[in-house]
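Working notes, beginning with the structure itself.
The values are calculated or read from the model by the stated rules, or taken from the named source; none is laboratory data. Remember, it's a predicted structure, so these values are computed and weren't measured experimentally. Here the Cβ is made from the backbone with ideal geometry for all residues, glycine too, and neighbour counts use every protein chain on show. Ligands, DNA and RNA are excluded from the accessible area calculation, which covers all protein heavy atoms including side chains. Shrake-Rupley method; radii C 1.70, N 1.55, O 1.52, S 1.80 Å.
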Amino acid sequence: MNRTRSAVGPKPPSRHRPVRWALAVLLLASAGCGRGIGEQSGDALARDTAAVEAKQLNTELGHRNRARDAGSIAAAEIVQDPKDAASGGGTTVRREALAWSGRTAGDERATVDVRFVVTVPERPPVSIGGASNSAGEATRCYRYEFELYRYTTYKEIDCPSGPAPSPPTAAPVPRVPEDGQKRLTAVLRTATPETLASAVRAAFPQDWITVDTTARDGALVAAVGVPAERDCLLLVRTPAGKIESPGYDRIWLEPGEIGCRTALYLAPPR
């Protein structure tokens with residue numbers, strides 16, 4: 001029996017393939033004339049970076065548990081050392097304090113306006129079709145608000161024109177003097193139960209320092225501190241004449257707790 005060759009032969013190449021390929025090349029070429037595939041606007045990236053930095057600063061400023069004026073907050077926690085402006089990948093973030101007012105004391109509120117100036121370099125794609133961005137920059141401003149025993153809040157504001165003012169300086173923070181332990185030790189060595197209170201106050205005459213003393217069962221106890229700063233020096237002269245510095249949980253210095261008093265030693269919480 002004669003076999004007949006099938007009339008259906010191999011499918012010839014599509015005459016449309018060259019056209020489709022040419023069209024694909026044309027589309028890729030036209031995309032390359034403007035922003036490349038996967039390329040992001042540098043200005044948009046800089047704006048996003050400024051927003052992230054503003055949020056991060058708000059987190060770092062956190063809960064306020066010390067009385068401070070706005071200038072001190074700005075100087076100690078916001079004003080940036082110029083060498084810290086550089087970040088990874090060539091991006092720079094400059095942070096400037098623009099205005100500050102008020103303080104965190106009682107029901108008062110402090111505000112600090114901050115400007116973020118961000119520049120990002122051009123980044124070419126590391127692979128075909130990979131992510132990249134053009135060079136760009138952005139400036140965004142935010143107002144941070146502070147209240148005692150509250151978390152910091154912030155919101156975006158319009159940026160003023162012109163350069164930032166000279167950076168603020170922080171007001172001195174009241175502390176027990178650096179030689180406080182030496183002073184108190186000297187007082188306890190010579191004091192009597194009758195002279196203890198006046199002798200300790202004479203050694204620490206500053207009006208921001210509190211003094212609490214007690215004589216009990218042959219021991220002399222003295223607590224010297226700055227309550228607003230949770231700064232406290234507690235020493236005891238035992239009946240044997242030894243000067244000791246008893247330990248205590250610093251949580252007891254917080255508002256509503258014992259505070260810097262001789263009870264830290266004589267009647268600590270159980």
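In table form, for the structure just shown:
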{"read-out": "Calculated on alpha-carbon atoms, Rg and Dmax of the stretch 182-270 in Å", "value": "12.3, 34"}
{"read-out": "Aspartates and glutamates whose Cα lies under 14 Å from that of Lys182, excluding same-chain neighbours fewer than 8 positions away", "value": "Glu244"}
{"read-out": "Accessible area of the stretch 91-153 belonging to carbon and sulfur atoms, whole % at 1.4 Å probe", "value": "50 percent"}
{"read-out": "Rg in Å to one decimal, and Dmax rounded to a whole Å, for the stretch 131-181 via C-alpha atoms", "value": "19.5, 61"}
{"read-out": "Accessible area of the stretch 177-242 belonging to carbon and sulfur atoms, whole % at 1.4 Å probe", "value": "53 percent"}
{"read-out": "For the stretch 191-200, 3J(HN,Hα) per residue [Karplus equation, 6.51 cos²θ - 1.76 cosθ + 1.60, θ = phi - 60°, Hz, x = Gly/Pro]", "value": "6, 10, x, 6, 9, 4, 4, 5, 5, 5"}
{"read-out": "Dipole of the stretch 172-270, positive end: most advanced residue of Thr185, Thr213, Val200 [Cβ charges, Cα centre]", "value": "Thr185"}
